[in-house]
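Enquirer: Have a look at this one before I ask anything.
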Amino acid sequence: MVVAVLGSATAGAAPTPPGTASGPACSWQFMTDSQVRNVAFPDVNATYWVMPYVLGPGDSLTLSGQYPRARYFSLNTYGTNLDTIDVLRDDQIRPDPGSSNPYVPNETSLPGRSWRATVVSGEADRSHNEISGLPAAGAQRIPSGFIIIRVYVPDDPSSPNGGVALPTVTMHLGGTTVPLNPCAQPSDSGSDSAPGAGILTRLFETAATDAFPPGTPEATFANPATTTGLFANGDNKYIAAGLTYRPGRVAVIRGKAPSFPDTRIGVPAGEPGKSLRYWSMCQNDRVSPYPVVACAADYQTSLDADGYYTYVIAPPSDLASLSDPTVTLIPWGDTGVPDKVLIMRHMLPSDAFYPYSVQASQASGGDPSATMGEYFPRATYCGVSELENQGWQRCYDYGK
């Protein structure tokens, strides 16, 4: 599959070209976001680029790129079971001489933005920007894997790659050096016939079927049963709640909003004192391939005077607009798909906020409704007439 994929760059333009290579061989062959290969609960504020590889003993891949202008980016490697092998995050990547890392607070500002990292077949040395490309010996049958670049909330919404080209890749395989420039047009169709594209989609779909615990009451946020096989990002953790559509009934979710660095208005991504690097509430179809319908990221979420968010999940046929400026409306999507999943993501909590984070809840195995305190998203159903006439406050008494 890997050999075939390296020779397949298919048509489909991104708003800002991530590279220049037209093929037949180029790097970052696959792109996925909420519009492209929308599978396995993605976030609409993120874009991923995927490249498969094979590494023999002593082989490596050298990546040379520039720090994107975005809230977050990372390099993640995965085995053939799509489980995480290693992560190298933006603020962990040392810059090249003459450059500085904009994700590191108080670092000396230099004009360059360049960095270099290496995917190695053995143990990684972080002091040299290395990331492991293979799991422990014996963990899988063939020495292959995937590397993913993630970019969240680019400063320029029209440039999903954060205003810079994706990294060039130099493959050092069996004593041979093979340079690969990023594809100008990554494969971006969930149904295209490019070798490997269908395989990736099927792998995602199969893994996603077991992601949420059975028996959890509706409109109740809980930790997922597993994220195994979902190309999980170690910097993100999430809780989820199931919903079912009923005409004239909407869902309301309320909780305390964590603070975050709003990079869209110029706040540095590594700004000290913020609760989380990023958080969002997303609404997804609970049917294969588990596509996202809509998200409200932290910077898109309205708050009241006390710093609380209130989300309403509703189709236009039941509720086209809201008069309360402190409430954020998230579309229900196709009501012909009655079962939905709400997902709240927490990324990179600060030390001070950690006890209230999803990360802490999952690490302790605790009930997030207890560990997260006022930051726990409390969901309920509500009649449209009650919401419109009496406000969200009435909704938490609805049906009692």
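The values are calculated or read from the model by the stated rules, or taken from the named source; none is laboratory data. Only a predicted model underlies this, so the values are computations on that prediction, with no experimental measurement involved. Here Cβ is always computed from backbone atoms with ideal geometry, including for glycine, and neighbour counts include all displayed protein chains. The area values use the complete protein model at the heavy-atom level, side chains included, leaving out ligands, DNA and RNA. Shrake-Rupley method; radii C 1.70, N 1.55, O 1.52, S 1.80 Å.
Enquirer: Output the residues belonging to the stretch 361-373 that are of a type in the set (Ser, Thr, Tyr) and in contact with a helix residue (DSSP H, G or I) (Cβ under 6 Å, 6 or more places away or on another chain).
Expert: The first filter runs over the stretch 361-373 and keeps only residues of a type in the set (Ser, Thr, Tyr), leaving 361, 364, 369, 371.
Matches in the stretch 361-373: SER361, THR371.
Enquirer: Which numbered condition in (1) open to solvent by less than 10 Å² (accessible area, probe 1.4 Å); (2) at pLDDT 95 or above; (3) closer than 20 Å to ASP43 by Cα; (4) not aromatic (Phe, Trp, Tyr) is the only one that LEU342 fails?
Expert: All conditions pass for LEU342, except number (2).
Enquirer: Considering only residues that are β-branched (Val, Ile, Thr), over 27 Å from PRO272 (Cβ atoms) and touching a Phe, Trp or Tyr at 6+ places or on another chain (Cβ under 8 Å), which ones fall in the stretch 74-108? First the steps, then the outcome.
Expert: Step one: of the stretch 74-108, the residues β-branched (Val, Ile, Thr) are 77, 80, 84-85, 87, 93, 104, 108.
In the following step, the residues that additionally are over 27 Å from PRO272 (Cβ atoms) were identified as 77, 80, 84-85.
Selection gives THR77, THR84, ILE85.
Enquirer: Spot the failing condition for PRO135; the list is (1) part of a strand (DSSP E or B); (2) open to solvent by 40 Å² or more (accessible area, probe 1.4 Å), and only one is missed.
Expert: Exception for PRO135: condition (1).
Quick grid of which residues meet (1) touching a residue at least 24 places away in the same chain (Cβ under 8 Å); (2) in contact with a helix residue (DSSP H, G or I) (Cβ under 8 Å, 6 or more places away or on another chain); (3) aliphatic (A, V, I, L, M):
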| site | (1), (2), (3) |
| --- | --- |
| ALA46 | yes, no, yes |
| VAL50 | yes, yes, yes |
| LEU55 | yes, no, yes |
| SER60 | yes, no, no |
| LEU63 | yes, no, yes |
| PRO68 | yes, no, no |
| SER74 | yes, yes, no |
| THR77 | yes, no, no |
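Enquirer: Checking VAL287 against (1) part of a loop (DSSP other than H, G, I, E, B); (2) closer than 29 Å to GLU386 by Cα: exactly one of these is not met. Which one?
Expert: With (1) part of a loop (DSSP other than H, G, I, E, B); (2) closer than 29 Å to GLU386 by Cα applied to VAL287, the lone miss is (2).
Enquirer: I've got another one for you. For the stretch 252-266, give me each residue that is assigned to a loop (DSSP other than H, G, I, E, B) and among the hydrophobic types (A, V, I, L, M, F, W, C).
Expert: ALA257, PHE260
Enquirer: Shifting gears a bit: Provide a single number: the residues in the stretch 354-369 that are open to solvent by less than 10 Å² (accessible area, probe 1.4 Å) and either part of a loop (DSSP other than H, G, I, E, B) or over 24 Å from GLU218 (Cβ atoms) (or both).
Expert: Total meeting the criteria: 1.
Enquirer: Just give me the residues in the stretch 301-338 being among the polar types (S, T, N, Q) and open to solvent by 60 Å² or more (accessible area, probe 1.4 Å), in sequence order. So that I can check it myself, show each step before the final result.
Expert: Within the stretch 301-338, the subset among the polar types (S, T, N, Q) is 301-302, 310, 317, 321, 323, 326, 328, 335.
Answer for the stretch 301-338, where residues must be among the polar types (S, T, N, Q) and open to solvent by 60 Å² or more (accessible area, probe 1.4 Å): SER317, SER321, SER323.
Enquirer: I've got another one for you. Residues that are surrounded by 16 or more Cβ atoms within 10 Å (Cβ to Cβ) and at pLDDT below 90: list the strands (runs of 3 or more DSSP E) wholly contained in the stretch 1-109 that include at least 2 such residues.
Expert: Of the strands (runs of 3 or more DSSP E) lying wholly inside the stretch 1-109, those with at least 2 residues that are surrounded by 16 or more Cβ atoms within 10 Å (Cβ to Cβ) and at pLDDT below 90 span 30-32, 46-54.
Enquirer: Which of the residues belonging to the stretch 324-348 are in contact (Cβ under 8 Å) with a residue 12 or more places away in the chain, over 18 Å from ALA219 (Cα atoms), in a loop (DSSP other than H, G, I, E, B) and not β-branched (Val, Ile, Thr)?
Expert: ASP324, PRO325, ASP334
Enquirer: Select from the stretch 374-400 the residues that are touching a residue at least 60 places away in the same chain (Cβ under 8 Å) and in contact with a helix residue (DSSP H, G or I) (Cβ under 7 Å, 6 or more places away or on another chain) and list them in ascending order.
Expert: Selection gives TYR375, PHE376, THR380, CYS382, LEU387, CYS395.
Enquirer: Just a yes or no: is a residue in the stretch 292-300 part of a loop (DSSP other than H, G, I, E, B), closer than 30 Å to THR77 by Cα and open to solvent by 20 Å² or more (accessible area, probe 1.4 Å)?
Expert: Scanning the stretch 292-300 turns up no residue that is part of a loop (DSSP other than H, G, I, E, B), closer than 30 Å to THR77 by Cα and open to solvent by 20 Å² or more (accessible area, probe 1.4 Å).
Enquirer: From the list SER385, SER361, SER321, which one is modelled with pLDDT under 90 and of a type in the set (S, T, N, Q)?
Expert: The unique qualifying residue is SER321.
Enquirer: Tell me which residues, restricted to the stretch 138-176, are of a type in the set (Phe, Trp, Tyr) and open to solvent by less than 10 Å² (accessible area, probe 1.4 Å).
Expert: Selection gives TYR152 alone.
Enquirer: I'd like the full set of residues that are open to solvent by 30 Å² or more (accessible area, probe 1.4 Å) and either under 19 Å from PRO217 (Cα atoms) or outside any helix (DSSP H, G or I) (or both), limited to the stretch 370-379.
Expert: Listed by number, the residues that qualify are ALA370, THR371, ARG378.
Enquirer: State all residues of the stretch 110-124 that are crowded, with 16+ Cβ neighbours inside 10 Å and assigned to a loop (DSSP other than H, G, I, E, B); if no residue qualifies, say none.
Expert: ARG113, SER121, ALA124
Enquirer: State which residue pairs qualify: first residue within 14 Å of ALA257 (Cβ to Cβ) and inside the stretch 349-365, second residue exposed (fewer than 15 other Cβ atoms within 10 Å of the Cβ) and not aliphatic (A, V, I, L, M) in any location, beta carbons under 6 Å apart, and separation of 6 or more residues or different chains.
Expert: Hits for this filter: TYR356/GLY373.
Enquirer: While we're looking at this one, here's another question. Quick one: how many residues across the stretch 291-317 are modelled with pLDDT under 90 and in contact with a Pro (Cβ under 7 Å, 6 or more places away or on another chain)?
Expert: The number of residues fulfilling the criteria is 2.
Enquirer: On the basis of being modelled with pLDDT of 95 or more, in contact with a Lys or Arg (Cβ under 7 Å, 6 or more places away or on another chain), open to solvent by less than 30 Å² (accessible area, probe 1.4 Å) and among the hydrophobic types (A, V, I, L, M, F, W, C), does MET347 make the cut?
Expert: Yes.
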